[in-house]
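Worksheet for the structure shown next.
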Amino acid sequence: MSESELLHSGGEADIYVVSEKGRPCILKWYKAKNAFDTEAIRKIAALEEVGVYRVREFGEREGRSFVEYDYLPGVSCSELKLPVVVALYVMRKLVKTLEALKAHQLFHGDLNPGNIILTFADGALQPVLIDFGIVGPGALAYAAPERFQGKPADEKSDMYSLGMLLFRMVFGSELVAANGYDGYASASLDIDRRDISEALYASGKFTVQEISALAPLWKAMVRADADARAEDLDEVDELLEIALSELAVGDVSVQKAVREYAESEIVEKTRQKVPVESKNAIPSGTEQKQKKFSYLKVSVLLGIVLILIVLGLVLLNSGKKGVDDAGAYILEKSRSLESPDAFVDTNLLK
Amino acid sequence: MFLVLLLLGLSACVEDDVKRGNEAFFIGDYDRAIANFSKALDQEPAHRDARYGLALSYFSVAEEGERLHVPTFDLWKRAADEFRILSKIDSGRQVDANHSTCLFYLARATMVKGENAMPLLDRSIKLDSANYFSMNLKALILAKSGIPEDVEMAKQIFIHILTSEPMFVSAYVNLGNLYWDEGDIESAWDTWSMGLIKSPDNSALIRWTKIAEDSLKSRVLSGEL
């Protein structure tokens with residue numbers, strides 16, 4: 001580990017961004033040991049799933065548990081309120097990831113906005129799940145009633161959390177607000193008495209079409225009795241697909257809405273992400289020295305980059321204009337969309 | 001000293017050949033351009049501009065072949081070979097887009113011969129992720145396979161094209177065709193009519209939007225919808 005910066009210090013853990021061989025990683029350094037289910041993290045570390053964080057290292061250091069994973073350039077779901085169409089799209093992606101994990105007998109157990117990072121790259125919005133292996137019921141406002149009874153996470157408890165998460169995504173705040181562990185446990189048991197559609201309607205922020213499209217989802221996910229929820233995640237996915245088709249005209253419209261939202265919200269917020277404080281992840285007494293050294297390294301690197309840019313520009317302008325101009329001309333001509341009919345023709349494929 | 005002067009002299013010759021190659025290229029005299037760039041490369045095989053000029057000249061010859069409807073596989077293969085060598089001496093990304101287009105055409109010529117073009121298209125897309133022509137052709141091949149996973153991937157590719165480049169009209173036609181083949185007439189109509197907004201004069205879109213519209217109307221009248 002070479003350099004590190006503290007991103008956040010919470011009651012459960014300190015979060016650092018560290019540089020591992022030039023690659024930015026997140027180090028979550030818990031304040032206690034045995035802070036997570038080691039077996040679950042071991043399984044996650046062996047996976048390469050697009051919707052799951054990439055765990056690089058985990059274990060114990062100085063009597064405290066830690067997990068190190070690849071830095072995700074994106075925005076935590078907890079900082080966002082999503083348009084209904086975008087939220088449904090994100091939910092479908094999450095369901096797909098959870099289904100893939102189910103094949104490995106892995107369940108998240110703590111689905112909440114803070115554990116979902118929305119990334120946007122190459123025109124695609126992708127939610128990425130972090131913080132697996134929770135010990136305990138997880139974020140109380142999102143935990144299924146059975147989790148308060150000490151049952152392990154499974155498909156149905158994750159399904160309940162997904163329902164609560166969907167509400168938070170579209171509404172902007174949590175469905176349940178209670179005092180302490182017992183208050184949330186009791187509220188989760190009473191969840192069937194909540195009329196979620198009515199709450200959405202009363203807010204005046206949703207169209208009737210949106211409320212009606214979402215209604216079957218609450219019934220399938222936000223239920224106190226696990227048996228009353230949808231049979232499996234596949235059924236939830238089908239309901240999400242139906243809801244989306246009620247709100248958007250075709251897949252292209254959905255993708256356009258998602259892309260527009262991502263470009264206006266995610267891209268800018270991702271750019272604004274900066275560490276709040278600098279400090280060593282592992283105190284060593286040479287903090288100041290390392291800081292100065294890192295400034296020096298950055299300055300040298302910037303200097304080299306500048307020299308290379310200048311050299312590149314000089315080279316580009318010294319005699320290479322002719323052939324590069326020809327290249328630009330050919331590219332423009334060959335990529336013209338004026339006559340793409342040739343590519344509609346499927347005769348080539350017969 | 002003599003050696004230095006000799007090297008300078010040779011270098012000046014190479015630059016002259018490249019210059020002559022460029023001049024010939026810009027007036028469309030591709031044979032002479034090829035001769036001059038090749039001469040420069042005989043002296044200096046790793047000369048970036050000469051190699052790029054040669055690749056572009058072969059590219060233009062192959063393009064002419066396309067217009068004349070003659071078999072073009074060998075022509076595109078020759079251009080692609082030059083781009084492949086160029087990619088080893090030019091570490092910049094400036095030539096990647098043209099290299100990608102060249103592989104797209106080579107893939108088409110490969111398909112005409114009845115051979116598998118998918119590896120060429122994958123390389124083309126890897127070189128330039130904005131080459132929607134290659135993506136479109138890849139999606140068409142996947143759709144044609146009839147394998148459900150491939151058909152789904154084809155749909156996703158068409159959707160990706162349309163969200164990235166809404167004016168790529170062919171993708172509306174092709175995506176609509178896919179929905180139509182699956183019996184999803186509503187989605188087919190949605191897609192074709194969206195394409196028609198972008199390209200109101202496109203005859204394929206006019207025709208298919210009308211057919212889908214008629215089909216939907218008859219289903220409403222028969223009580224199916």
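The values are calculated or read from the model by the stated rules, or taken from the named source; none is laboratory data. Computed from a prediction, not measured in an experiment: that's the story for all the values here. Cβ sites come from the backbone with ideal geometry, for glycine too, and all protein chains shown count toward neighbours. Quick note on the areas: whole protein, heavy atoms, side chains included, nothing else; ligands and nucleic acids left out. Shrake-Rupley method; radii C 1.70, N 1.55, O 1.52, S 1.80 Å.
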Between A:LEU239, A:LEU308, A:LEU101, which gets the highest mean-square fluctuation from a Gaussian network model of chain A, Cα cutoff 10 Å? A:LEU308
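Where in chain A are the DSSP H helices whose C-alpha atoms run 15 Å or more along the long axis and whose mean Kyte hydropathy is at least -0.5? Mind showing how you got there, number by number?
Values: long enough: A:84-102 (26 Å, 1.05); A:155-171 (24 Å, 0.48); A:208-221 (20 Å, 0.67); A:233-247 (21 Å, 0.51); A:250-261 (17 Å, -0.58); A:287-316 (43 Å, 1.39); A:321-334 (19 Å, -0.36).
The answer, listed by residue number, is A:84-102, A:155-171, A:208-221, A:233-247, A:287-316, A:321-334.
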If you fit an axis through the alpha-carbon atoms of helix B:30-43 and take the longest principal axis of the Cα set of chain B, what angle between them do you get, 0 to 90°, nearest 10? 50 degrees
Specify the inter-centroid distance of segment A:152-167 and segment A:1-75, based on alpha-carbon positions, in whole Å. 24 Å
Listed residues A:VAL17, A:ALA257, A:TYR160: farthest to the positive end of the dipole of chain A (Cβ charges): A:VAL17
Rounded to one decimal in nm, the spacing of the 7 Å Cα→Cβ label points at A:GLU198 and A:ARG61 is 5.2 nm
Over all residues in A:325-337, what is the mean tally of Cβ atoms on other chains that come within 10 Å of each residue's Cβ? 6
Shielding of B:121-131 by partners, i.e. mean partner chain Cβ atoms within 10 Å per residue? 1
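So if I place +1 on the C-beta of Lys and Arg and -1 on the C-beta of Asp and Glu, and nothing else carries charge, what would the dipole magnitude of the protein assembly as shown be about its Cα centre? I want it in debye, nearest 20. Spell out each step's value before the answer.
Values: 65 positive and 86 negative charges, 334 e Å.
Using Cβ point charges on Lys, Arg, Asp and Glu, the protein assembly as shown gives about 1600 debye.
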Cα-based Rg / Dmax (Å) for segment A:110-224: 14.7, 45
Taking the Cα-to-Cβ direction at A:LYS205 and at A:GLU49 and moving 7 Å from each Cα, how far apart do the two end points lie in nm? 3.0 nm
Rounded to the nearest 10, the angle in degrees between the Cα long axis of helix B:96-112 and the longest principal axis of the Cα atoms of chain B comes to 60 degrees
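If you count, for every residue in B:159-170, the Cβ atoms of partner chains within 10 Å of its Cβ, what is the mean? Walk me through the numbers before you get to the answer.
On the way: counts 6, 5, 2, 6, 12, 5, 2, 2, 3, 3, 5, 7.
Mean inter-chain Cβ contacts per residue within 10 Å come to 5.
As a test of the formula, what do you get for chain A when each DSSP H run with n ≥ 4 contributes -39,500 (n - 2.57) and the sum is divided by the residue count, at 222 nm and rounded to the nearest 500 deg cm²/dmol? Present the calculation step by step, with values, prior to reporting the outcome.
Numbers: 12 runs with 157 residues, N = 350.
The helix contribution divided over chain A gives -14000 deg cm²/dmol.
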Take every Cα-Cα distance within chain A, group them into 20 Å bins from 0 onward, and report for each bin the whole-number percent of pairs it holds. 24, 48, 24, 3
Mean-position separation - Cα centroids, segment A:183-227 and segment B:19-58, in angstrom: 70 Å
Helix B:203-221: inclination vs chain B longest Cα principal axis, degrees, rounded to 10, gives 20 degrees
Just want the answer: with Cβ charges of +1 for Lys and Arg and -1 for Asp and Glu, which residue in A:TYR30, B:GLY183, A:GLN126 is farthest toward the dipole's positive end in the protein assembly as shown? A:TYR30
Under a point-charge model restricted to the Cβ atoms of Lys and Arg (+1) and Asp and Glu (-1), what is the dipole moment magnitude of segment B:131-225 relative to its Cα centre, in debye to the nearest 20? 280 debye
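Too long at a 19 Å Cα-Cα cut-off: which of A:LYS333/B:LYS198; A:LYS28/A:LYS81; B:LYS113/B:LYS138? Don't jump to the answer; show the numbers that get you there.
Details: A:LYS333/B:LYS198 21 Å; A:LYS28/A:LYS81 26 Å; B:LYS113/B:LYS138 16 Å.
Check vs 19 Å cut-off fails for A:LYS333/B:LYS198; A:LYS28/A:LYS81.
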Bins of 5 Å from zero: percent of alpha-carbon pairs in chain B: 1, 7, 12, 13, 14, 12, 11, 8, 7, 5, 4, 3, 2, 1, 1, 0, 0, 0, 0
Within segment B:158-178, name every residue whose backbone N is under 15 Å away from a label modeled 7 Å from Cα of A:GLU263 along the Cβ vector. B:160-168
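Based on Cβ point charges of +1 for Lys and Arg and -1 for Asp and Glu, what charge dipole magnitude is obtained for chain B about its Cα centre, in debye rounded to the nearest 20? Display every interim value, and only then the final one.
Values: 24 positive and 33 negative charges, 36 e Å.
Here the size comes out at about 180 debye.
Which order do B:HIS99, B:HIS160, A:HIS104 take by accessible area at a 1.4 Å probe, largest first?
A:HIS104, B:HIS160, B:HIS99
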Dipole axis of segment B:9-129 (+1 Lys, Arg; -1 Asp, Glu on Cβ), positive-most option in B:SER124, B:ALA55, B:ALA80: B:SER124
Using the basic label-point model (7 angstrom from Cα toward the beta carbon), what is the A:LEU311 to B:ARG219 distance in nanometres? 6.3 nm
Could you sort the peptides B:85-91, B:72-78 by per-residue average Cβ neighbour count (10 Å cutoff), highest mean leading? B:72-78, B:85-91
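Segment B:74-118: percent of C-alpha pairs farther apart than 11 Å? Show your work: numbers first, answer last.
Numbers: 639 of 990 pairs.
Value for segment B:74-118: 65 percent of Cα pairs lie more than 11 Å apart.
Could you calculate the contour length gain from B:GLU165 to B:ILE85, that is, 0.36 nm times the residue separation minus the distance between their Cα atoms, to one decimal place in nm? Walk me through the intermediate numbers first.
Details: separation 80, 0.36 × 80 = 28.80 nm, distance 3.09 nm.
Between B:GLU165 and B:ILE85, full extension yields 25.7 nm more.
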